[in-house]
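The structure appears right after this line, and notes come after that.
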Amino acid sequence: MARAVPWVPLVAATGLSVAAMLPATFGAAAPDAQIWALRIAAVLLGAGASFALVDLMAPLTMTPAPRWLQQWLRTAIAVVPATVVWLTLYLLANASTPVALPFRELATEAAVCFLGGLVAAAVAARVGHSATTALAGPAVQGTMLLATLFLTGKYSPWPLPESRHWSGVHEYWLWALPILVSVLFAANREVWPLRRAGPVAPKA
């Protein structure tokens, strides 16, 4: 399975995440640049990991392992290295600031941003198996970013720690997390729960 997963998108996302973090850590960065770099890294890693959820060979191969097992293996293969990368970047960013960065809130943001791409790709993988199917992940992420980046005040999901809306906004981030996890569980099931069952054959 690890050999079948496309690693290039995730490796590229890792490189771009590191590139986004280095100026904030070692350069003359603006205040709170580390937080924005961590947010960018979460989105990039989610976009790169989403390609692991699509099995390009599914229409041509048959395996004894059920689909749900294969999909969760693919999910783990994507989630584990991406999590290690993001945590490493957080430790690097936290070491470069005089005040500790709020880990719980930033980790919640990162999980939601990451799962947004992963869930979209998992849902798309129910109906498609081409190289472009996984683009559903980055497409959904891009749409969400465009829809939220220009919001301000209490309506913005991207406040900084010094904002008075920081705590309130992150309550909504916490609500989004179980919703995404539930959709991922549904998408990785053997049988798609939204598909209507066919007619039952009469007993002989």
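For segment 117-127, give me each residue that is farther than 25 Å from Y172 by Cα and open to solvent by 30 Å² or more (accessible area, probe 1.4 Å).
Applying the first criterion (farther than 25 Å from Y172 by Cα) to segment 117-127 yields 124-127.
Those that are farther than 25 Å from Y172 by Cα and open to solvent by 30 Å² or more (accessible area, probe 1.4 Å): R126, V127.
Name the one entry in T152, T88, T143, T108 that is within 20 Å of L10 (Cβ to Cβ) and among the hydroxyl-bearing types (S, T, Y). So that I can check it myself, show each step before the final result.
On the way: T152 fails: within 20 Å of L10 (Cβ to Cβ); T143 fails: within 20 Å of L10 (Cβ to Cβ); T108 fails: within 20 Å of L10 (Cβ to Cβ).
It is T88.
Looking at segment 164-173 only, could you name the residues that are in a helix (DSSP H, G or I) and surrounded by 14 or more Cβ atoms within 10 Å (Cβ to Cβ)? Explain how you work it out, then say what you get.
Restricting attention to segment 164-173, the residues satisfying the condition of being in a helix (DSSP H, G or I) are 166-173.
If the condition is that a residue be in a helix (DSSP H, G or I) and surrounded by 14 or more Cβ atoms within 10 Å (Cβ to Cβ), then V169, H170, W173 are the ones that fit.
Quick one: would you say V183 is in contact (Cβ under 8 Å) with a residue 24 or more places away in the chain and either in a helix (DSSP H, G or I) or on the phi < 0 side of the Ramachandran plot (or both)?
On the way: in contact (Cβ under 8 Å) with a residue 24 or more places away in the chain: yes; either in a helix (DSSP H, G or I) or on the phi < 0 side of the Ramachandran plot (or both): yes.
Judged against the criteria, V183 is a match.
Of a type outside the set (K, R) and surrounded by 15 or more Cβ atoms within 10 Å (Cβ to Cβ), is that true of T133? Don't jump to the end; show me each part of the working.
Working: of a type outside the set (K, R): yes; surrounded by 15 or more Cβ atoms within 10 Å (Cβ to Cβ): yes.
Yes, satisfied.
Report yes if D55 is modelled with pLDDT under 75, open to solvent by 10 Å² or more (accessible area, probe 1.4 Å) and acidic (D, E), otherwise no. Quick ask: steps written out before the conclusion?
Values: modelled with pLDDT under 75: yes; open to solvent by 10 Å² or more (accessible area, probe 1.4 Å): yes; acidic (D, E): yes.
It is true that D55 is modelled with pLDDT under 75, open to solvent by 10 Å² or more (accessible area, probe 1.4 Å) and acidic (D, E).
For segment 140-186, enumerate the residues that are modelled with pLDDT of 90 or more and among the acidic types (D, E).
E171, the sole residue that qualifies.
Quick check: anything in segment 95-116 open to solvent by 20 Å² or more (accessible area, probe 1.4 Å), more than 17 Å from A49 (Cα to Cα) and of a type in the set (F, W, Y)?
Checking segment 95-116: at least one residue is open to solvent by 20 Å² or more (accessible area, probe 1.4 Å), more than 17 Å from A49 (Cα to Cα) and of a type in the set (F, W, Y).
Rundown of residues vs (1) over 14 Å from the mean Cα position of the chain (by Cα); (2) at pLDDT 90 or above; (3) of a type in the set (S, T, Y), yes/no style:
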position: P6; (1), (2), (3): yes, no, no
position: L10; (1), (2), (3): no, yes, no
position: T75; (1), (2), (3): no, yes, yes
position: A82; (1), (2), (3): no, yes, no
position: F103; (1), (2), (3): yes, yes, no
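Between A20, A28, which is outside any helix (DSSP H, G or I) and at pLDDT below 90?
Numbers: A20 fails: outside any helix (DSSP H, G or I).
Step by step, each of A20, A28 is checked, and only A28 is outside any helix (DSSP H, G or I) and at pLDDT below 90.
The values are calculated or read from the model by the stated rules, or taken from the named source; none is laboratory data. Predicted model, so just to flag it, every value in this text is computed and none were measured. Here the Cβ is made from the backbone with ideal geometry for all residues, glycine too, and neighbour counts use every protein chain on show. These area figures cover heavy atoms from the full protein model, side chains too; ligands, DNA and RNA do not enter into them. Shrake-Rupley method; radii C 1.70, N 1.55, O 1.52, S 1.80 Å.
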